[in-house]
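Visitor: Pasting a structure below so you can have a look.
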Amino acid sequence: MSKQQLAVERARRAFRTGRSKPLEYRIQQLKNLERLFVERKKEIAGALKKDLNKSEHGTPLYETLGLEGEIQLAVRKLKEWAAPRPVSKNLLTLSDEVYIKPEPLGVVLIIGAWNYPWAVTIQPLIGAIAAGNAAVIKPSEVSAHTAKLMEDLLPLYVDKELYPVVTGGVPETQELLKQRFDHVFYTGNCAVGKIVMEAASHHLTPVTLELGGKSPCYIDKNCNLTIACRRIAWGKYTNCGQTCIAPDYILCDPSIQDRVIQEITKSVQEFYTENPKTCPDYGRIINQRHFKRIMAMAEDSTVAMGGDNDEAECYIAPTVLRDVKPEAKVMQEEIFGPLLPILTVDSVDSAIEFINDREKPLALYVFSSDNKLIKRVVDETSSGGFLANDCLVHFSVNDLPFGGVGNSGIGAYHGKFSFDQLSHLRGCLIKQLKMEGVNNMRYPPHTADKLGWARFFILKHVPVVRTFKLAALAMLVVIAAAIIQRILD
Ligand code: NAD
C-alpha cells in the first residue's frame, strides 16, 4: 500500500469512529489549530522567508491573521451553523418536521498552492474540521520549507489520523487523486484544476476548484488617482504579484495613462523605497521557472516603470507596462508576477466589452467616484468577486463567499460558506403514521377531483411564523382531510 493510500485509509477509519462529529471535538481541534499560529509564529515566518522572501510582519498580515479570524468565527458560530435549519412548509407537510441537517461529507482531500501556502491550505481545513470531516492535507511542494514545516507541526496540534499531512510533488498528488474521497478541495492553476476534476469524476467526487485568471482593474477618469493607484500598487506588488486576486491589468482612458504611471511609481517608492531589491517588504518570485515565464511575458511591451531583474535572486522589480496591446504576450495568460500592463480604452462601454470578451475573472476591480458607473459594471459583467475602489480586501470579509465562476473556479468558501461547502445539506422530512386521509389524493385511481386537491395542498405555502397561525392551518388541514376522506370514500 502506498504512503498516500495508507493516509487516506487511516483518515477514513478515524472518520468512521465518529470522533470528528461532536461539536465539542471540532471546537477543540480548531482551538488547537489556532494555538499553532500563536506559538509557532517564528518558525512559520522563517520558512516563508526562505520560500518567498516574505517579511516577518507581512507574514501574519497576509497568511495567519485571517486564519485566526476564521477559526474564531467558526468556534463562535459552529453551534448555529451545524443546527438543523427549519424550512417553510406547505399544507401537506404542516404537521411534519421539515428541516435541513448539515452533516459531514467524510474524507476531504485538500490540495494547496504555494503563493500563500498557509492561508490557502489551512483555510479549507478550518471548514473541513468545522463541518466534522476528516481531511488529507497536501501542501504545495513548490513552497518546500513551508510544506515540511506543516508536515512537522500539524500532527503536534490536531488529530494526526483524522487530519494527516501528505507531502510530495506531482506523482504523489496524482497517487492521492486516484483514491476515493468525499470531496476534493483544490487551489491552484486552471490546467491542473482540469486534471483534478477529471480524477475526481472517476469516483463521482464533488470538487471545489479555487483557480486563478486575469483579474481586470478599470480606472475611471473621474476618481482620485492618487488614492486609486496607491491601492492598486499595494494589491499588485504584495507578494511580488503572486496573488490569485492581484489586479492583473489596468484598463483606463488614454488621457490618464501618464498620471496613473506617475502615481503608481510614487506609491512603489513609498512602499518599497527607491531600491525594492533591498527592501525587506518586497518579495521574490518563487523559483527560476516562474522567473523566466514572467520575464518572457514582458518581451513585446514597453516598460514605463521598473523592469530591473536578477535571475540568480529571482528578483523582478515592480514594473508597469504602457500602451499594451490585447495581442501582447502579457495579455495571453495570468501574469502572477509584478508586471502591470496598462491598456487604454475609450469608455466604460469598451472596458465592459473587453472584460466580457474574455474568461470570467476571479476578481474584478473598478475605481470610480461615480456610484452609477460602479453599479453598471457590476450589472453588466460577471466575476468570482467584485470590489470597487480597493484591491484584495474582499478576501478578508468572511461573510462574503470567496471563489471563482466559469474559468476562475467552482464553489466558494470562507466563514459559513466553507462550512456549507464541505457539508452535505441533508433534506429531512419526518412524518407520523397519521392523517392517511390526506394521502388519498395521491393514490390511484387518479381523478380530476384528486388532482384539484393535490394542487391546493402542494402549491399552498405556509411560512413558519406564529403558532396560532400554524394551529389554525393545522385545523384547516384536519377539516380538509375529513372532507376529502368523505368525498373519496
Ligand atoms: P502549485 O504549483 O503549488 O500547484 C498547486 C497544487 O497542485 C500543488 O499541491 C501541486 O502538488 C499540485 N499539482 C501540480 N501539478 C499537478 C499535476 N499535474 N497533477 C496533480 N497535481 C498537481 O500552484 P500553482 O498552480 O502554480 O498556483 C498558482 C495558481 O493558483 C495561480 O493561477 C493562482 O491564481 C491560483 N491560486 C488561486 C487561489 C484561489 O483562492 N482562487 C489561491 C492561490 C492561487
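Visitor: Would you confirm whether or not the stretch 11-28 contains a residue that is assigned by TED's automatic domain parsing to the domain that holds W118, touching a helix residue (DSSP H, G or I) at 6+ places or on another chain (Cβ under 7 Å), at pLDDT 95 or above and more than 24 Å from W118 (Cβ to Cβ)?
Guide: Looking through the stretch 11-28, at least one residue is assigned by TED's automatic domain parsing to the domain that holds W118, touching a helix residue (DSSP H, G or I) at 6+ places or on another chain (Cβ under 7 Å), at pLDDT 95 or above and more than 24 Å from W118 (Cβ to Cβ).
Visitor: Of all the residues that make up the stretch 335-367, how many are surrounded by 21 or more Cβ atoms within 10 Å (Cβ to Cβ) and in a loop (DSSP other than H, G, I, E, B)?
Guide: Total meeting the criteria: 6.
Visitor: In addition: Please enumerate the residues belonging to the stretch 328-383 that are touching a residue at least 40 places away in the same chain (Cβ under 8 Å) and charged (D, E, K, R).
Guide: E333, E334, D346, R358, E359, K360, D370
Visitor: Got a sec? Which of P206, P247, P216 is more than 8 Å from the ligand (Cβ to nearest atom), touching a His at 6+ places or on another chain (Cβ under 8 Å) and either more than 16 Å from K138 (Cβ to Cβ) or of a type in the set (K, R) (or both)?
Guide: P206
Visitor: Okay, next question. Given the condition modelled with pLDDT of 95 or more and closer than 30 Å to P338 by Cα, answer yes or no: does some residue in the stretch 198-209 qualify?
Guide: Step one: of the stretch 198-209, the residues modelled with pLDDT of 95 or more are 198-209.
The next check asks that each one be closer than 30 Å to P338 by Cα; those that pass are 208-209.
Within the stretch 198-209, one or more residues are modelled with pLDDT of 95 or more and closer than 30 Å to P338 by Cα.
Visitor: A further question follows. Scan the stretch 149-178 residue by residue and report those that are charged (D, E, K, R) and more than 9 Å from the ligand (Cβ to nearest atom).
Guide: Matches in the stretch 149-178: E151, D152, D159, K160, E161, E175, K178.
Visitor: While we're here: Answer yes if at least one residue in the stretch 205-225 is assigned to a helix (DSSP H, G or I) and over 23 Å from R358 (Cβ atoms), and no otherwise.
Guide: Here is the first cut: in the stretch 205-225, the ones assigned to a helix (DSSP H, G or I) are 225.
Then keep just the ones that are over 23 Å from R358 (Cβ atoms); that gives 225.
Yes: the stretch 205-225 contains one or more residues that are assigned to a helix (DSSP H, G or I) and over 23 Å from R358 (Cβ atoms).
Visitor: Taking the stated definitions as given, is K49 closer than 20 Å to Y62 by Cα, surrounded by 14 or more Cβ atoms within 10 Å (Cβ to Cβ), out of contact with any Phe, Trp or Tyr (no Cβ under 6 Å at 6 or more places or on another chain) and assigned by TED's automatic domain parsing to the domain that holds E161?
Guide: yes
Visitor: If you go through the stretch 215-223 one residue at a time, do you hit one that is among the aliphatic types (A, V, I, L, M), within 18 Å of S408 (Cβ to Cβ) and at pLDDT 95 or above? Write out each step before concluding.
Guide: As a first pass, look at the stretch 215-223 and keep what is among the aliphatic types (A, V, I, L, M): 219.
Those left that are additionally within 18 Å of S408 (Cβ to Cβ): none.
No, that holds for no residue.
Visitor: Restricting attention to the stretch 383-410, which residues are surrounded by fewer than 22 Cβ atoms within 10 Å (Cβ to Cβ), of a type in the set (G, A, S) and under 12 Å from the mean Cα position of the chain (by Cα)?
Guide: S396, G403
Table: residues versus (1) among the acidic types (D, E); (2) assigned by TED's automatic domain parsing to the domain that holds E436; (3) farther than 21 Å from I71 by Cα.
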site	(1), (2), (3)
D96	yes, no, yes
P104	no, no, no
V108	no, no, no
W114	no, no, yes
V120	no, no, no
K148	no, no, yes
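Visitor: Restricting to the stretch 288-334, name every residue that is assigned to a strand (DSSP E or B) and surrounded by fewer than 21 Cβ atoms within 10 Å (Cβ to Cβ).
Guide: Residues of the stretch 288-334 that are assigned to a strand (DSSP E or B), as a first pass: 302-305, 309-310, 315-316, 319-322.
Of everything in the stretch 288-334, those that are assigned to a strand (DSSP E or B) and surrounded by fewer than 21 Cβ atoms within 10 Å (Cβ to Cβ) turn out to be T302, V303, M305, N309, D310, Y315, R322.
Visitor: Being more than 16 Å from the ligand (Cβ to nearest atom) and farther than 18 Å from A388 by Cβ is true for just one of R259, R293. Which residue is that?
Guide: R259
Visitor: Can I ask one more? Take F185 and tell me if it is touching a residue at least 60 places away in the same chain (Cβ under 8 Å), within 11 Å of the ligand (Cβ to nearest atom), surrounded by 23 or more Cβ atoms within 10 Å (Cβ to Cβ) and not polar (S, T, N, Q).
Guide: yes
Visitor: Somewhere in the stretch 321-334, is a residue in contact with a Phe, Trp or Tyr (Cβ under 8 Å, 6 or more places away or on another chain) and either within 16 Å of the ligand (Cβ to nearest atom) or not assigned by TED's automatic domain parsing to the domain that holds R376 (or both)?
Guide: yes
Visitor: Filter the helices (runs of 4 or more DSSP H) completely within the stretch 40-140 down to those with at least 1 residues that are within 16 Å of the chain's Cα centre (by Cα) and more than 14 Å from the ligand (Cβ to nearest atom). Full working, then the answer.
Guide: Working: elements: 41-52, 65-82, 117-130.
Per the criteria, 65-82, 117-130.
The values are calculated or read from the model by the stated rules, or taken from the named source; none is laboratory data. Keep in mind it's a predicted model, so treat the numbers as computed, not measured. Methodologically, a virtual Cβ is constructed for each residue, glycine included, from the backbone with ideal geometry; neighbour enumeration extends over all protein chains shown.
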